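A.B. asks: Sharing a structure here in structure tokens format.
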Amino acid sequence: MVDCSILEPRYSIGNLSVEDYDNGVLHVLSQLTTVGDVRREDFNKFVKLQQDNENHKTFVIKDIETNKVVGIATLLIEIKLIHGYSKVGHIEDVAIDKSVRGKKLGAYIIRYLCELAKSRGCYKTILDCDDENVGFYGKCGLSRRGVEMEYRD
């Protein structure tokens, strides 16, 4: 697993929990994209679904002193029909609060999820990002491969 000594003692990483609704998780996500109206009831259902699904996990970084969420990312594990039913990790929705950027929390959560995916049997871990973030993810050990395509209706 990731060497926790590189994470400042002030911060901890763990699974998304229902308490995170009141601890700023939606605020952190809103710095990445439009979140919309997420009701507490729906948030709690989302957390419960993840507790029951070993292939879909969201992790948060918290400031231990304030209990506030300062980072978030999701790992999805896809089971493939090819390569002998191999697994691929997909990292999604990586966001670090503006107030703590520059403390290597983003690099930490990326490495954490990559190593978790590897320990779960994934032969590779991928993510999609905007061009302006390629340099950051390169510093985290990822390399540019292919092109992302999307369809929106």
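A.B. asks: What does the net charge come to around Phe43 if you take all other residues with beta carbon closer than 13 Å to its beta carbon, with K and R at +1 and D and E at -1?
C.D. replies: Details: positive: Arg39, Arg40, Lys45, Lys48; negative: Glu19, Asp20, Asp22, Asp37, Glu41, Asp42.
The answer is -2.
A.B. asks: A further question on this structure: When Thr58, Thr66, Thr74 are ordered from fewest to most other Cβ atoms inside 10 Å of their Cβ, what list results? Don't skip to the answer; put the middle values down first.
C.D. replies: On the way: Thr58 20, Thr66 11, Thr74 16.
Placing the least packed residue first, the sequence is Thr66, Thr74, Thr58.
A.B. asks: Remind me, relative contact order of the chain in percent, using alpha carbon pairs under 8 angstrom and six or more residues apart?
C.D. replies: Numbers: 216 pairs, mean separation 33.5, N = 153.
Once normalised by length, the contact order is 22 percent.
A.B. asks: While we're looking at this one, here's another question. Given a cut-off of 14 Å, what percent of all Cα-Cα pairs of the stretch 15-68 lie beyond it? Display every interim value, and only then the final one.
C.D. replies: Working: 790 of 1431 pairs.
Everything past 14 Å amounts to 55 percent.
A.B. asks: Separate question: Scanning the chain for GluC sites (Glu not before Pro) in DSSP loops with at most 11 other Cβ atoms within 10 Å, what's the longest stretch left with none?
C.D. replies: Values: sites that count: Glu54, Glu65, Glu148, Glu150.
With a cap of 11 other Cβ atoms within 10 Å, the longest stretch comes to 66-147.
A.B. asks: Report the per residue volume, in Å³, of the convex hull enclosing the C-alpha atoms of the stretch 4-139.
C.D. replies: Numbers: hull volume 16.7 nm³, N = 136.
Measuring per residue, one finds 123 Å³ for the Cα hull of the stretch 4-139.
A.B. asks: Still on this model: Please arrange Lys62, Lys118, Lys87 by counting, for each residue, the other beta carbons lying within 10 Å of its beta carbon, fewest first.
C.D. replies: Working: Lys62 22, Lys118 15, Lys87 18.
Fewest-to-most ranking of Lys62, Lys118, Lys87: Lys118, Lys87, Lys62.
A.B. asks: In addition: In which sequence would Arg145, Arg111, Arg10 go, from the one with the fewest C-beta neighbours within 10 Å to the one with the most?
C.D. replies: On the way: Arg145 7, Arg111 17, Arg10 13.
Lowest count first: Arg145, Arg10, Arg111.
A.B. asks: Can you compute the helix-only [θ] at 222 nm over the chain? Use -39500 (n - 2.57) per DSSP H run of at least 4 residues, normalise by all residues, nearest 500 deg cm²/dmol. Provide the component values of the computation, followed by the final result.
C.D. replies: Numbers: 4 runs with 39 residues, N = 153.
That comes out to -7500 deg cm²/dmol.
Since every read-out is calculated from the coordinates, none of them should be taken as a lab result. Small disclaimer: the values here were computed from a predicted structure and weren't measured. Using ideal geometry, Cβ is built from the backbone for each residue, glycine included, and neighbour counts are taken over all protein chains shown.
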